[in-house]
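Input: a single structure, listed below in structure tokens.
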Amino acid sequence: MIEEGKLLNDTKLKVYSLSEIDHVKIHGRTTGNLSPLTLFWTGSAMECVVKGSELWMEVEVDYDHYEPWVSIMINEVPVSRQMLIAGRYWVCLFRGMNESVSKNVRILKDLQAMNADPGCSLQIHAVKSDGEFLPIKDKPYKLEFIGDSITSGEGAIGAKAEEDWIPMWFSAIHNYSTITAAALNAEYRIISQSGWGVLTSWDNNPRTNIPDYYEQVCGVLTGDKNKALGAFEKNNFAAWQPDVVVINLGTNDGGAFRSPEWRDETTGETHKQRLNEDGSYNDLDLQAFERAAENFLVKIRKNNKDAHIVWAYGMLGIPMMPAISRAVDAFVKETGDRKVTVFQLPITTDETVGARNHPGILAHQQAAKALSGYVKEILKEKQ
């Protein structure tokens, strides 16, 4: 290992720990620890502005099954994407560029937090460069996106024929969240997990729902390793307050009605969202979903007191839209909170579908265009 701050013998590159850099911005929920920085969520990132010809980062990567992927953006444009294999090593972000020109560089985590792989982690220890780090211009707005596989960017990259559930087909770049934030010149955070819902996951498991873990840094993860990394700590909401919270949940709750009963093999506990004989949704089970959605809105409002909350839904169909609308209406009537609305996203078509029968790049672009126009008007009203 090279000591921090020590000049390399054969180059002008100098090593810096992240805490040594005055100007560095971290995106996504973290514990606040920079020694090292752990990136948990989809779209979480490290950003810096460098005036130099070369920049590297030292990563430490681990996993049992699913390797992390990252994308590199320079001056707001994606320039590379790569798999990170296990180990601790240096990754070149750019070299040979004009040393007198400053570059905005962002390293984004493409892969979601992997509940199914407690060994999966991505940490950044240090950077090295021959240049200087300059101040980063703040963006005027902050957006938070809460969702499932759609918001994790599953299938947003890759051919339509791809069916493997692997990290390669996740993208934080070709993602309606990232595209929406870019259109609005906003910072953003993503809280998402494939297959999860408001009340249950797609397979009727009531323990895999986003609301139960919303108040933790990254509570959807499991295992002692993630506990040690701080994933289960309470999130510091006061440190980052969004102007708008976008919820894109309900797709998996709808799918649960057509999935087999979930059963806990240890306790024997079972759960099932039921269909009526005519194929319609059971009223009592719909009401359970609506209560869960309303309670989630209460939790979001408690932690984001001034944000406008948008429940945006529909990229893979709208079977749960009536229930979502009833839940939002009930919340508004109960609380008098008028800053909660519902927005229908454009549905994915045969032309816009991506890998794994999920929204592709075109679908995400269409959704972002519609959503950013809607959120833009909300932000105008907040000014």
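Cross-link list 12/234; 128/376; 272/299; 51/380: which exceed 31 angstrom alpha carbon to alpha carbon?
Working: 12/234 41 Å; 128/376 38 Å; 272/299 25 Å; 51/380 35 Å.
Table pairs above 31 Å Cα-Cα are 12/234; 128/376; 51/380.
Given the options 164, 243, 212, which has the most mean-square fluctuation in a GNM of the chain, springs set between C-alpha atoms less than 10 angstrom apart?
In the Gaussian network model the winner is 164.
Specify the residue with the greatest mean-square fluctuation among 84, 371, 39, computed from a Gaussian network of the chain linking alpha-carbon atoms under 10 Å apart.
Sorting by GNM fluctuation, first place goes to 84.
Note the angle between two axes, namely the Cα long axis of helix 321-335 and the longest principal axis of the Cα atoms of the chain, as a number of degrees from 0 to 90, rounded to the nearest 10.
Tilt relative to the chain: about 90 degrees.
Pull up all non-local amide H partners of residue 342: gap of 5 or more, or a different chain, and H-to-H distance under 5 Å with H placed in the peptide plane.
Hits under the 5 Å cutoff: 311.
How big, in percent, is the set of alpha carbon pairs in the stretch 213-286 lying more than 16 Å apart?
Details: 1880 of 2701 pairs.
Considering the stretch 213-286, 70 percent of its Cα-Cα pairs are separated by more than 16 Å.
Please list, in order along the stretch 251-261, the HN-Hα scalar couplings obtained from phi with the Karplus expression 6.51 cos²θ - 1.76 cosθ + 1.60 (θ = phi - 60°), rounded to whole Hz, x for Gly and Pro.
4, 6, 4, x, x, 4, 4, 10, 10, x, 4
Considering the dipole of the chain built from charges on the beta carbon (Lys and Arg +1, Asp and Glu -1) around the Cα centre, which of 310, 336, 298 is farthest to its positive end?
Of the listed residues, the answer is 336.
Hey, what do the phi angles of the stretch 163-177 turn into as Karplus ³J(HN,Hα) couplings, whole Hz, using 6.51/-1.76/1.60 and θ = phi - 60°, x for Gly and Pro?
For the stretch 163-177, the Karplus curve yields 10, 5, 8, 9, x, 4, 9, 9, 9, 8, 7, 8, 9, 4, 5 Hz.
When the solvent-accessible surface of protein heavy atoms is calculated with a 1.4 angstrom probe, in what order do 278, 253 fall, highest first? Intermediate values should be presented prior to the final figure.
Values: 278 120, 253 5 Å².
Result of the area sort, largest leading: 278, 253.
Cα to Cα, under 13 Å, and not fewer than 8 places away if on the same chain: which aspartates and glutamates meet these conditions relative to residue 160?
350, 351
Once amide H atoms are placed 1.01 Å from N in the peptide plane, what residues at a sequence separation of 5 or more from residue 145, or on another chain, have their amide H within under 5 Å of its amide H?
Long-range HN contacts for residue 145: 189, 190, 191, 246.
Return one quarter of the surface area of the convex hull spanned by the alpha-carbon atoms of the stretch 231-383, equal to its mean projected area, in nm². Mind dumping the intermediate values first?
Numbers: hull surface 49.4 nm².
That works out to 12.4 nm², a quarter of the Cα hull's surface.
Please calculate the 1.4 Å probe accessible area of residue 19, with all protein chains present, and give it to the nearest 10 Å².
Per-residue accessible area (residue 19): approximately 70 Å².
If I build a Gaussian network model for the chain, linking alpha-carbon pairs within less than 10 angstrom, which residue out of 47, 132, 67 has the largest mean-square fluctuation?
132
Name the long-range amide H neighbours of residue 353: under 5 Å, sequence gap of 5 or more, or other chain; modelled H, no Pro or chain starts.
Amide H to amide H, under 5 Å and 5 or more residues apart or across chains, residue 353 pairs with 360.
Rounded to the nearest 10 Å², what accessible area does residue 347 have for a 1.4 Å probe in the complete protein model?
Near enough 100 Å² of accessible area.
Using each residue's phi in the stretch 193-209, evaluate 6.51 cos²θ - 1.76 cosθ + 1.60 at θ = phi - 60° and report the 3J(HN,Hα) Karplus result to the nearest Hz, with x for Gly and Pro.
7, 4, x, 8, x, 8, 9, 9, 7, 4, 9, 6, 6, x, 8, 9, 10
If I take all pairs of Cα atoms in the chain, what percentage of them are more than 31 Å from each other? Display every interim value, and only then the final one.
Numbers: 26544 of 73153 pairs.
Counting every Cα pair in the chain, those more than 31 Å apart make up 36 percent.
The values are calculated or read from the model by the stated rules, or taken from the named source; none is laboratory data. These numbers come from a predicted model, not from an experiment. Every residue, glycine as well, gets a Cβ built from its backbone with ideal geometry; the counts of neighbours run over all protein chains shown. These area figures cover heavy atoms from the full protein model, side chains too; ligands, DNA and RNA do not enter into them. Shrake-Rupley method; radii C 1.70, N 1.55, O 1.52, S 1.80 Å.
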